[in-house]
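Okay, so here's the structure we're looking at.
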Amino acid sequence: MKILIADDHTLVRKALKFIIKEAFADVEIEEAADGSELLMKATKNKWDIIVSDISFPGLSGLDILKQLKIHAPQIPVLMLTMYSAEEYAIRCIRSGAAGFLSKDNISDELIKAINQILSGKKYINSDVAMVLATAYEENVKSAPHESLTDREFAIFKQLLHGKSMQAIGDDLCISVTTVRAHKVNILKKMHLTSDAEMIKYGLQNQII
């Protein structure tokens, strides 16, 4: 079995390798430390499954996931994140992920998730199921922040946490001008007029 794991933190990759090798005796594991390396390795070789973080500098895991669904649609992708299911689960599933797992649950659920995905099923734990059920009942499209693109949502979250435009640009490998343009679009789409309104919205919707 061949598994490609991707995370920009060395310790996380080591932890993932340890857990996987404890469960699978004859597994071949390769690593990717950033989005570009992940995309290159994913399309160059054949993999039984890719286990990838959502957050990378520059090209995000969601951006890469969408490209993988075009260039290597046969490879299932399990997305990992430090964020809650409420924030990213639906975006991951919409983008074609075979499963979504919080890093808080890796030690307990990683192998179960991999086995289920390798059997041809999607991995949806109770947290994600609850989010999907709630979204269905309430029509998730009605929430203003759901109209944002994945890149806009990533910038929106960083703005809510007080990051400067320069810091956001450096993190995402884009110019300050591009960040500023995204912020204008974010405010327009969400019908907000100021940073104060944006922060208030983030607090009310438990995004901060």
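The values are calculated or read from the model by the stated rules, or taken from the named source; none is laboratory data. In this text, all values refer to a predicted model and were calculated from it rather than measured experimentally. Using ideal geometry, Cβ is built from the backbone for each residue, glycine included, and neighbour counts are taken over all protein chains shown.
Quick grid of which residues meet (1) touching a helix residue (DSSP H, G or I) at 6+ places or on another chain (Cβ under 8 Å); (2) of a type outside the set (A, V, I, L, M); (3) surrounded by 14 or more Cβ atoms within 10 Å (Cβ to Cβ):
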| residue | (1), (2), (3) |
| --- | --- |
| Ile155 | yes, no, yes |
| Ser175 | yes, yes, no |
| Val179 | yes, no, yes |
| Lys188 | no, yes, no |
| Asp195 | yes, yes, no |
| Tyr201 | yes, yes, yes |
| Gln206 | yes, yes, no |
**Q.** Of all residues making up segment 36-66, the number that are surrounded by fewer than 17 Cβ atoms within 10 Å (Cβ to Cβ) and either more than 14 Å from the chain's Cα centre (by Cα) or of a type in the set (S, T, N, Q) (or both)
**A.** 9
**Q.** Conditions (1) more than 20 Å from Ile207 (Cβ to Cβ); (2) in contact (Cβ under 8 Å) with a residue 60 or more places away in the chain; number of the one not met by Leu62
**A.** (1)
Q.
Going by what's in this entry, would Ala32 be described as surrounded by 14 or more Cβ atoms within 10 Å (Cβ to Cβ), small (Gly, Ala, Ser) and out of contact with any strand residue (DSSP E or B) (no Cβ under 6 Å at 6 or more places or on another chain)?
A. no
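If you scan segment 127-153, which residues turn out to be basic (Lys, Arg) and at pLDDT 80 or above?
Selection gives Arg151 alone.
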Q: Output the residues belonging to segment 1-58 that are in contact (Cβ under 8 Å) with a residue 60 or more places away in the chain and β-branched (Val, Ile, Thr).
A: Ile3, Val12, Ile19, Ile20, Ile49, Val51
Q.
I'd like to know if segment 161-171 contains one or more residues that are more than 20 Å from the chain's Cα centre (by Cα), more than 17 Å from Ser55 (Cβ to Cβ) and part of a helix (DSSP H, G or I).
A. yes
Q) Scanning for something under 21 Å from Leu11 (Cα atoms) and either assigned to a loop (DSSP other than H, G, I, E, B) or at pLDDT below 85 (or both), does segment 112-126 turn up at least one residue? A) no
Q.
Could you check segment 187-208 and list, in sequence order, the residues that are in a helix (DSSP H, G or I) and within 19 Å of Ile54 (Cβ to Cβ)?
A. Gly202
Q) When both residues are 6+ apart or on different chains and their Cβ atoms are under 8 Å apart, which pairs have a first residue that lies in segment 98-118 and is closer than 16 Å to Thr81 by Cβ, and a second that is of a type in the set (Val, Ile, Thr) and assigned to a loop (DSSP other than H, G, I, E, B)? A) Gly99/Ile124; Phe100/Ile124
